[in-house]
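Presented below is the structure to which this report refers.
The values are calculated or read from the model by the stated rules, or taken from the named source; none is laboratory data. As the structure is a prediction and not an experimental result, all values here were calculated from the model. Heads up, the Cβs are rebuilt from the backbone with ideal geometry, glycines too, and the neighbour counts pull from every protein chain shown. The area values use the complete protein model at the heavy-atom level, side chains included, leaving out ligands, DNA and RNA. Shrake-Rupley method; radii C 1.70, N 1.55, O 1.52, S 1.80 Å.
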Amino acid sequence: MDLDQLHTFLEIVRLKSFSKAAQTCYRTQPAISAQIRQLEQELNAILFERLGTRISLTVAGRIFAEHAEQILALRRRAQDAINELEKVPRGELVIAANEATCIYVLPGVFSEFKKQFPNVQLLVDRAYGTRVVQAVLDNLADFGITQLPVQEKKLQVVKIHTDEIRLLVPAAHPLGGRDRVYPSDLLGEQILLPKTGTTRARLAVWLDPVFDELNISMELDSTEMIKRFVMAGLGLSFLAVSHCREEVNLGKIDSVPLGPEPMIRRLGLIYRKDKSLSKAALGFVQGTLANAGSGIIEIPALQRVRAIGD
């Protein structure tokens, strides 16, 4: 039994004629008759009484007609609901990103997205480093925002934001007025390092010439803790410029470029290459490119909508 058979059956009921139904269904009368015979065989019931040239519904036919109308009406409502998604997208998007990125990079992205798609819920999965990549690969998150590079071939990577990692020092600290600092300048200082992540790995390489001589007093996993502890004079640390801009502008702390070359930090939006992007998902990609800050490089070819669900 399929929807076309139901449509044919209801056309015969409406017109009270096989020949007229054949015309409206753009089929021959034998084809129409074959459809009804197949339907009757599947239902194990006679649907029409044939009295000469006239036809009428049997009791089984009347019962089936009611249900057939309900089935086709439900199909129309389903199609209308799907079509409505194109006009007013609904559902949810799951974004995997670390807390600092959500606080300092994404507020503008989220704000503009909600203006454009007020009925789509944004769910944030707070994850770090490789966990962001894995969440997207496992389809637990629709999008991830993480530090580049990301080498996974199954993922589309869109470069969205460029930042710089700098040394963070208390206000009036002697290193605060420098054009740049080198690893050897940190000898004798209390050092607060980020606990894990790509930035920690890059700092380990930069600090390698003096690492055994450093006084690493704490390893912290919170951007806010790093800033607070530096302001309290508990040591020097490292942060992205965007994460401490407000405190620097207020004169509470100072940030100093690393030498000999700046340590540039690039963020990327990642999602599965084989993922069908809904209208809302496409809007999130475009909104992130437009509102995530500096360093926008390129927009890849975006898929057209092939599926409704996010």
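Summary of values
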quantity	calculated
Environment charge at T24 (Cβ cut-off 11 Å; Lys +1, Arg +1, Asp -1, Glu -1)	+2
Accessible area (Å², per residue) of segment 126-229, counting only protein heavy atoms and a probe of 1.4 Å	53 Å²
Estimated Rh, the chain: Kirkwood, alpha-carbon pairs, angstrom	24.3 Å
Share of carbon and sulfur in the accessible heavy-atom surface of the chain [1.4 Å probe, %]	51 percent
Radius 11 Å from Cβ of A96, net charge of other residues (Lys, Arg +1; Asp, Glu -1)	-1
Rounded to the nearest 10 Å², the accessible area of I145 at probe 1.4 Å	0 Å²
Of A172, I145, G91, farthest towards positive along the dipole that unit charges on Lys, Arg, Asp, Glu beta carbons give the chain	G91
Rounded to the nearest 20 debye, dipole of segment 158-305 from Cβ charges on Lys, Arg, Asp, Glu	900 debye
Reference-scaled alpha-carbon Rg (2.2 N^0.38 Å with N residues) for segment 3-119	1.85
Point-charge dipole on Cβ atoms (K/R +1, D/E -1) for the chain, about Cα centre, debye to 20	1460 debye
Inverse of mean 1/r across different Cα pairs in segment 18-76, Kirkwood, Å	12.5 Å
Kirkwood hydrodynamic radius over Cα pairs of segment 229-297, then Stokes diffusion coefficient at 10 °C and 1.306 mPa s, in µm²/s	103 µm²/s
Computed accessible area, T162, all protein chains, 1.4 angstrom probe, square angstrom	40 Å²
Antiparallel DSSP beta bridges within segment 1-138, as percent of all bridges there, nearest 5	35 percent
Surface accessible to a 1.4 Å probe, K252 within the full protein complex, Å²	100 Å²
Violating pairs (Cα-Cα greater than 31 angstrom) within the set K159/K195; K114/K159; K115/K273; K159/K227; K115/K275; K227/K275	K227/K275
Fluctuation leader among A204, A135, A281 - the chain, Gaussian network, Cα springs under 10 angstrom	A204
Surface per residue (accessible, 1.4 Å probe) for segment 1-99, Å²	63 Å²
Accessible-area ranking of K275, K114, K20, largest first, probe 1.4 Å	K20, K114, K275
Evaluated at q = 0.12, 0.20 Å⁻¹: base-10 log I(q)/I(0), Debye formula over Cα of segment 83-215	-0.65, -1.21
Y182, Y26, reordered so the largest accessible area comes first (probe 1.4 Å)	Y26, Y182
Hull volume in cubic angstrom per residue (convex hull over the Cα atoms of segment 115-165)	125 Å³
